[in-house]
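Asker: Got a structure for you, written out below as structure tokens; questions coming shortly.
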Amino acid sequence: MNQVMKALRGRSAVMAVVVLALVMTSCASKKPAASGGGGGAGDSIATASVSGVGTVLVNAQGRTLYYLMTDNHSQPTCTGSCASTWPPMIVSGSVPAAGSGVTGALGTVANPDGGKQLTYMGWPLYTYSGDSAAGQANGQGSGGVWFAMAASGPSGSGGGSSPSSGGNYGGY
């Protein structure tokens with residue numbers, strides 16, 4: 001009986017070490033995320049196919065990136081309570097790398113609430129609080145002014161023009 005107990009204790013110790021190693025590896029591989037899904041050095045912006053929407057830009061966590069048609073080109077207008085529903089893609093450090101399928105220019109613009117907001121072809125980018133996982137685009141077409149950003153640039157109604165701001169931020 002003692003040999004059985006010793007064997008079980010030995011296996012338990014080995015299992016504990018394996019579990020601890022897995023937890024440590026998992027924690028070490030996670031990157032800290034800035035507001036809106038991050039954008040520090042080492043992150044990249046890529047494209048992904050989203051069911052019902054098509055190929056869109058996504059952040060390093062695979063979350064769909066959106067633009068607001070009423071933003072003046074290179075001037076974010078979704079601030080305050082709007083930004084709690086549509087978090088701006090704030091960049092800490094350098095501009096994320098352009099990954100697979102990204103053909104336009106990535107840059108930054110000063111966000112009125114603070115920090116540097118990521119832009120694509122000059123358009124400020126946002127995530128959507130209603131997207132709970134990668135591969136979702138629940139904000140697509142919201143209020144007729146929020147659209148997922150395509151690699152080719154803005155593609156919502158209006159063909160990428162910048163209508164004057166009417167204050168309609170799509171149900172924030």
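The values are calculated or read from the model by the stated rules, or taken from the named source; none is laboratory data. On a predicted model such as this, the values are computed, not experimentally measured, just so you know. Backbone-built Cβ (ideal geometry, glycine too); neighbour counts: all protein chains shown.
Asker: Could you list, in sequence order, the residues of region 77-130 that are in contact with a Phe, Trp or Tyr (Cβ under 7 Å, 6 or more places away or on another chain), of a type in the set (A, V, I, L, M, F, W, C) and assigned to a strand (DSSP E or B)?
Answerer: Selection gives L106, W123.
Asker: A follow-up question, please. Would you be able to say whether some residue in region 131-139 is assigned by TED's automatic domain parsing to the domain that holds P96, under 17 Å from T77 (Cβ atoms) and either among the small types (G, A, S) or not in a strand (DSSP E or B) (or both)?
Answerer: Step one: of region 131-139, the residues assigned by TED's automatic domain parsing to the domain that holds P96 are 131-139.
Filter again for under 17 Å from T77 (Cβ atoms), leaving 139.
From what's left, either among the small types (G, A, S) or not in a strand (DSSP E or B) (or both): 139.
Within region 131-139, one or more residues are assigned by TED's automatic domain parsing to the domain that holds P96, under 17 Å from T77 (Cβ atoms) and either among the small types (G, A, S) or not in a strand (DSSP E or B) (or both).
To keep it simple, each residue is scored yes or no on (1) of a type in the set (G, A, S); (2) under 16 Å from N138 (Cα atoms).
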site	(1), (2)
A46	yes, no
N59	no, yes
L65	no, yes
L68	no, yes
H73	no, no
P76	no, no
G80	yes, no
G93	yes, no
L125	no, yes
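Asker: Taking the condition under 15 Å from G130 (Cβ atoms) and either surrounded by fewer than 22 Cβ atoms within 10 Å (Cβ to Cβ) or without any contact (Cβ under 8 Å) to a residue 24 or more places away in the chain (or both), does S84 pass? Give the derivation first.
Answerer: Values: under 15 Å from G130 (Cβ atoms): yes; either surrounded by fewer than 22 Cβ atoms within 10 Å (Cβ to Cβ) or without any contact (Cβ under 8 Å) to a residue 24 or more places away in the chain (or both): yes.
Considered against the rule, which asks whether it is under 15 Å from G130 (Cβ atoms) and either surrounded by fewer than 22 Cβ atoms within 10 Å (Cβ to Cβ) or without any contact (Cβ under 8 Å) to a residue 24 or more places away in the chain (or both), S84 comes out as yes.
Asker: State all residues of region 52-76 that are on the phi > 0 side of the Ramachandran plot and part of a strand (DSSP E or B); if no residue qualifies, say none.
Answerer: Just the residues of region 52-76 that are on the phi > 0 side of the Ramachandran plot, to begin with: 52, 54, 62, 74.
Correct list: G54 only.
Asker: So, one more: So A105 ticks every box in (1) within 15 Å of M149 (Cβ to Cβ); (2) touching a Gly at 6+ places or on another chain (Cβ under 9 Å); (3) surrounded by 16 or more Cβ atoms within 10 Å (Cβ to Cβ) but one. Which box is left unticked?
Answerer: Only one criterion is unmet by A105, namely (3).
Here's the yes/no breakdown for (1) at pLDDT below 95; (2) not small (G, A, S):
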residue	(1), (2)
G52	yes, no
N72	yes, yes
T85	no, yes
Q136	no, yes
G159	yes, no
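Asker: Sticking with this one: Identify, please: which residue in region 145-155 is modelled with pLDDT of 95 or more and not in a loop (DSSP other than H, G, I, E, B) and is, among those, farthest from T70 (Cα to Cα)?
Answerer: If we filter region 145-155 for residues that are modelled with pLDDT of 95 or more, which is where we start, we get 145-150.
Now drop any that are not not in a loop (DSSP other than H, G, I, E, B), which leaves 146-148, 150.
On the way: W146: 9, F147: 11, A148: 14, A150: 17 Å.
In this case the residue turns out to be A150.
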